[in-house]
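Readers should treat all values here as calculations from the given coordinates under stated rules, not as data from a laboratory. Small disclaimer: the values here were computed from a predicted structure and weren't measured. Heads up, the Cβs are rebuilt from the backbone with ideal geometry, glycines too, and the neighbour counts pull from every protein chain shown.
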Amino acid sequence: MVKTQLADEASASRPPAPRGQRAGGPRAPEGITTIGQGVVIEGEVNGGEDLVVDGRVDGTIEVPQHVLTVGPTGRVKADLSAKSVVVLGKVNGSIQASELARIGETGSVEGAIAAPRLVVADGARLQGRVDV
């Protein structure tokens, strides 16, 4: 099993960027990590900042104090745990949200959802158990 920490450890080994420039070119806004469309992760993903999944993740995703967004191109077969979960792509697995779970109009969820608040947009797909 692969365990991935979403800390920016790679930046610690890079030389500092010239003043007024960011190292490594364009990046997501501070405090947000993105798993891109061409990325496939199998295993455990844990993080300490907001996470956007536009690629594929099979396993588990835990960002307990942050927002987890499965983008329109995201495909997740995992158990998810976050402060808030937003699904715009496809999720097959359980969702545990401590504040809010939201399924957008392009979102699809197959599995159990446990959250104090649930928002399901018109056109969204939900199949499974809901515990609100």
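If the requirement is being touching a Pro at 6+ places or on another chain (Cβ under 6 Å) and closer than 18 Å to L118 by Cβ, which of these qualifies: L88, L68, L80, L100?
Working: L68 fails: touching a Pro at 6+ places or on another chain (Cβ under 6 Å); L80 fails: touching a Pro at 6+ places or on another chain (Cβ under 6 Å); L100 fails: touching a Pro at 6+ places or on another chain (Cβ under 6 Å).
After applying the criteria, what remains is L88.
Please find, within region 27-69, the residue that is nearest to S98 (Cα to Cα) out of those that are in a strand (DSSP E or B) and of a type in the set (G, A, S). Step through it out loud before you land on a result.
Going through region 27-69, the residues in a strand (DSSP E or B) turn out to be 32-35, 40-46, 50-53, 56-69.
Now narrow it down to the ones that are of a type in the set (G, A, S): 43, 59.
Details: G43: 22, G59: 20 Å.
Taking the candidates together, the pick is G59.
Within region 107-125, identify whether any single residue is surrounded by fewer than 16 Cβ atoms within 10 Å (Cβ to Cβ), in contact with a Leu (Cβ under 9 Å, 6 or more places away or on another chain) and either in a strand (DSSP E or B) or in contact (Cβ under 8 Å) with a residue 24 or more places away in the chain (or both), and answer yes or no.
Residues of region 107-125 that are surrounded by fewer than 16 Cβ atoms within 10 Å (Cβ to Cβ), as a first pass: 110, 112, 116-117, 119, 121-123, 125.
Remaining after also requiring in contact with a Leu (Cβ under 9 Å, 6 or more places away or on another chain): 110, 116-117, 119.
Keeping just the survivors that are either in a strand (DSSP E or B) or in contact (Cβ under 8 Å) with a residue 24 or more places away in the chain (or both) gives 110, 119.
Within region 107-125, one or more residues are surrounded by fewer than 16 Cβ atoms within 10 Å (Cβ to Cβ), in contact with a Leu (Cβ under 9 Å, 6 or more places away or on another chain) and either in a strand (DSSP E or B) or in contact (Cβ under 8 Å) with a residue 24 or more places away in the chain (or both).
Hey, can you tell me all the residues within region 77-93 that are crowded, with 18+ Cβ neighbours inside 10 Å and either within 19 Å of G123 (Cβ to Cβ) or hydroxyl-bearing (S, T, Y) (or both)?
S81, S84, V85, V86, V87, L88, G89, K90, V91
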